[in-house]
1. Give the residues of segment A:30-48 that are in contact (Cβ under 8 Å) with a residue 60 or more places away in the chain, among the basic types (Lys, Arg) and in a helix (DSSP H, G or I), sorted by residue number.
2. List the pairs whose first member sits in segment C:197-211 and is within 29 Å of C:Val73 (Cβ to Cβ) and not assigned by TED's automatic domain parsing to the domain that holds C:Ala237, whose second member is of a type in the set (Gly, Ala, Ser) and not in a loop (DSSP other than H, G, I, E, B), and whose Cβ atoms are under 6 Å apart, counting only residues at least 6 apart or on separate chains?
3. Which number in (1) touching a helix residue (DSSP H, G or I) at 6+ places or on another chain (Cβ under 8 Å); (2) more than 25 Å from C:Ile130 (Cβ to Cβ) marks the one condition that C:Ala55 misses?
4. Take the conditions modelled with pLDDT under 95 and either assigned by TED's automatic domain parsing to the domain that holds C:Pro159 or closer than 15 Å to C:Gly177 by Cβ (or both) and apply them to C:Gly22. Does it pass?
5. Go through segment A:281-320 residue by residue and tally those that are among the charged types (D, E, K, R), closer than 16 Å to A:Met236 by Cβ and surrounded by 19 or more Cβ atoms within 10 Å (Cβ to Cβ).
6. Consider segment B:129-163. How many of its residues are touching a residue at least 60 places away in the same chain (Cβ under 8 Å) and either at the interface with chain C (Cβ under 9 Å from one of its Cβ atoms) or β-branched (Val, Ile, Thr) (or both)?
7. Filter segment B:164-195 for residues that are within 14 Å of chain A (Cβ to nearest Cβ), without any contact (Cβ under 8 Å) to a residue 60 or more places away in the chain and part of a loop (DSSP other than H, G, I, E, B) and give the result.
8. Return yes or no: is C:Ala310 surrounded by 20 or more Cβ atoms within 10 Å (Cβ to Cβ) and more than 8 Å from every other protein chain (Cβ to nearest Cβ)?
Amino acid sequence: MDFELNGAQQMARELFSGFAEKEVKPLAAEVDEEERFPYETVEKMGKYGFMGIPVPKEYGGQGCDILTYVLCVEELSKACGTTGVIVSAHTSLCCDPIMKYGTNAQKARYLPALAAGKSIGAFGLTEPGAGTDASGQQTKAVLAEDYYILNGSKIFITNAGPADIYVVFAMTDKSKGIKGISAFIVEKGVAGFSVGKKELKMGIRGSSTCELVFENCKVPKENLLGQEGKGFGIAMSTLDGGRIGIAAQALGIAQGALDETVKYVKERRQFGRSISAFQNTQFKLADMKTQIEAARLLVYQAAKAKEKGGRYSTEAAMAKLFAAKTAVSVTTQCVQLYGGYGYIRDYPVERMMRDAKITEIYEGTNEVQRMVISSSMLK
Amino acid sequence: MNIVVSIKQVPNTNEVRLDQTTGTLIREGVPSIINPDDKSGLEMALKLKDKLGAHVTVITMGPPQADAVLKEAMAMGADDAVLITDRAFGGADTWATSSTLASALRKIPYDLIITGRQAIDGDTAQVGPQIAEHLGLPNISYAESLELADGYAVVKRQYEDRTHVIKARLPCLVTALGEYNTPRYMTPRGIFEAWEEGRIQVFTRSDLSVADENIGLKGSPTRVKKSFVKAVKGQGTVVTMDPEDAAVWLTDRLKEKFIL
Amino acid sequence: MKIEDDKGVFVFVQQIDGEISGVSFELIGKGRELAKILACQVTAVLLGSGISQLAGELSNFGADQVIVVDDAVLETYMTEPYTHAMTQVIKRYKPEIVLFGATAIGRDLAPRVSARVHTGLTADCTGLEIDPASGCLLMTRPAFGGNIMATIVCAEHRPQMATVRPGVMKRVSETFGTDGRVEQVVLPDLADHVNVEIVEVIKKVSEKMDIMDAKVLISGGRGIGGAEGFRKLEELAEALGGTIASSRAAVDAGWVEKDRQVGQTGKTVRPNLYVACGISGAIQHLAGMEEADIIIAINKDPSAPIFEIADYGVVGDVDKVIPLFIQQIKEEQEKR
């Protein structure tokens, strides 16, 4: 068991952290304050291949391993939770299912632009009546000659709006229950497909989270992803990978908060000395560092398990569960260590605390992760 | 079109701090980087690769761990890399360094050689022009920009109060200014490909035909007799006051010192 | 030929458009000091076209003799013709020391000459002494980004060559008269040494006083925040009869022109008063201004290194302090 990053991965981490420091961090507060999707950052990331790290070279991707992709999301998220999730949702939830389940024609058509960041990807599963219980899909898809006609809506879709390519799930045969769900690749601009209202959120405020509305939307039948009726399996396996991305985001948010806090406690003086001299501060820092390190090992382990091939759902669920709880716990404690200043928007930790919370909810709530983990134990 | 860029691995001297108690420099933990002027020169070369399809080779003279800068350069887009390393080359001043680099360059095809103007550890700005002298090439220093056209290099050459636009027939050597070409980032794919086996060619002493009396410490006309940390000027008076009071205090000081 | 046979301190005189650069007089001044110890003479070497009449100025400021290479090819600086001319002079006259200003010309010419002649060259010197034991030149210069000083010796090669930082050495205060010895050197093959073409000369337009001439410098750094902030500094400079300067950060950010830059890769200045506003005081900057007579620093950060060398430091917001400071000064001036 090798706990070290290899030389190239270490260099990749330096690339991502240098980029995050210079290009992402200066915009983080503004992106949050203005709830602005950072298009200019996405363009830069696209130029350097960050939007297609695990996509194969033959499709214009970087052809790198999952761990390198995880390092990217982690380093971006240290600076800005919004930027981290943009990459994670785009890569794990859109590029990945097309890579895994797409026909050669679909891969050739969509992956190059996605990998270059020229198209942004999204994933449409959640509906008003189907959240944690994803099987309750109401959106319908009816085959009519050369098209599937989609009717229904999705909510809470990350990247919706800016995204050009959407992997969408709909019921093709209600009588078969979850075996009647199919996956589709829907392009922005297709008649009958519109992006609805943008949600006003507690955190990751620069991330565009919207409804998708399908009204007799005609999707070409070549855009069926995988086979009819296999959609639910595709969704679940895609989410397994997505969980690793979100775990990396949570890990980055926690680490970013801790790094800022260590700097702050060294400078802040009360009672005639630096507050870093107080044992309460020191013990809190020690506990947070240990928790983050444990989360890191779980996240990297999940990445390596996925890389290896074979099943990795449990590892991914453990990583996401633990990293998300760590992010919420660490960011809350960091705000506390800042005292009054931690509550003021001039300082980054309150944003990090608001950003952290969603990691316990999306791409499978903490509760869902526990279901996955325990079911693997009780087979 | 073959472009060779000579780069150096340097400690990031902008981050070096003085240990106040011992009066010595704290060198541990200071990251090693590609010398900024060299990185800018590399960016110039990569822009020419983008524009004209030029082939870019990076070379460096240093200890074995200097291969890190070659990897970084390839991850940015350089095609090949050569590491010039041998104990015999160590302790060299600019004459010996430039002699060694020139002898390596004689083994590599080039139409254009680019170096940085100066390194942030040596700060001499001598190696580039001296390489050109050993190779019998024209050199254009302090380049703000570089274009290629019909077998010529066209360079905007900086002076204190003006620039000259200079045209030189290839092959020639150009030294690049750090402030003018923002270097691109590496790509993840570039990094992994740079770490593959066999990407870096190594030249040791026996690979180069250069005389012993021109390399290393023994081949250096100049030697460091001693080095020391500058005596720091003593601290004066520092105050924290309201801006109004501070303005009055400062004005009084100017009066005291007969500036006003 | 033993190296003891090489004699004389030579100074390369930099002239641009027929005007001799200040550093050349500084080097003649220092050269006289060194020559006195070595019991030899100071020779100024002047290259250019139609510049022979400048020889008098050089004699006046202390050159015992002036060697002139006056040729149309040398009208505008180009590396190869100047390298050839200097090399020929050195080969003919065999000086033991040759000094150049560490300018954009000197730092291009000297390396090339030293390599052609196969001798040692030390860059950017801030100190020159003669070693009493060996008679060698001890050349002291900043290294490692200005974090340390190194003393360099060129023991067995001649001439010992150095480029010297402008603004550090002092020109002589007395004058010697303008009719010293002048020797013309003619190099008939100079035209064969032209290997580049100067297509265009673009002069930078700057009406501001050169920061190296100013007695008072109001200098701004990253803490100024933008180009507009420098207007206030200009006002302060005007009130005190000086000009503005800056750290590298402000130049890189595009807030001021590069000719304002003080520091390791900018200019070295020795004004009577240096006011550092919003400048943290990195070593590379200090290297360019620590010899100022009086240093005032204004910075929000109490731990900024600049406060360690300031004579008077104010921890405060530059935006608030400077306007009030200007007001106070003007009130004071009105009183008189």
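1. Within segment A:30-48, just A:Lys47 meets the criteria.
2. none
3. Against the list (1) touching a helix residue (DSSP H, G or I) at 6+ places or on another chain (Cβ under 8 Å); (2) more than 25 Å from C:Ile130 (Cβ to Cβ), C:Ala55 comes up short only on (1).
4. On the way: modelled with pLDDT under 95: yes; either assigned by TED's automatic domain parsing to the domain that holds C:Pro159 or closer than 15 Å to C:Gly177 by Cβ (or both): yes.
Spelling it out, C:Gly22 is indeed modelled with pLDDT under 95 and either assigned by TED's automatic domain parsing to the domain that holds C:Pro159 or closer than 15 Å to C:Gly177 by Cβ (or both).
5. Counting residues in segment A:281-320 that are among the charged types (D, E, K, R), closer than 16 Å to A:Met236 by Cβ and surrounded by 19 or more Cβ atoms within 10 Å (Cβ to Cβ) gives 3.
6. 1
7. None - no residue of segment B:164-195 is within 14 Å of chain A (Cβ to nearest Cβ), without any contact (Cβ under 8 Å) to a residue 60 or more places away in the chain and part of a loop (DSSP other than H, G, I, E, B), so the list stays empty.
8. So C:Ala310 does not fit the description; no.
The values are calculated or read from the model by the stated rules, or taken from the named source; none is laboratory data. Keep in mind that this is a model prediction, so the values were computed, not measured. Note that we place each Cβ from the backbone using ideal geometry, even for glycine, and neighbour counts take in every protein chain shown.
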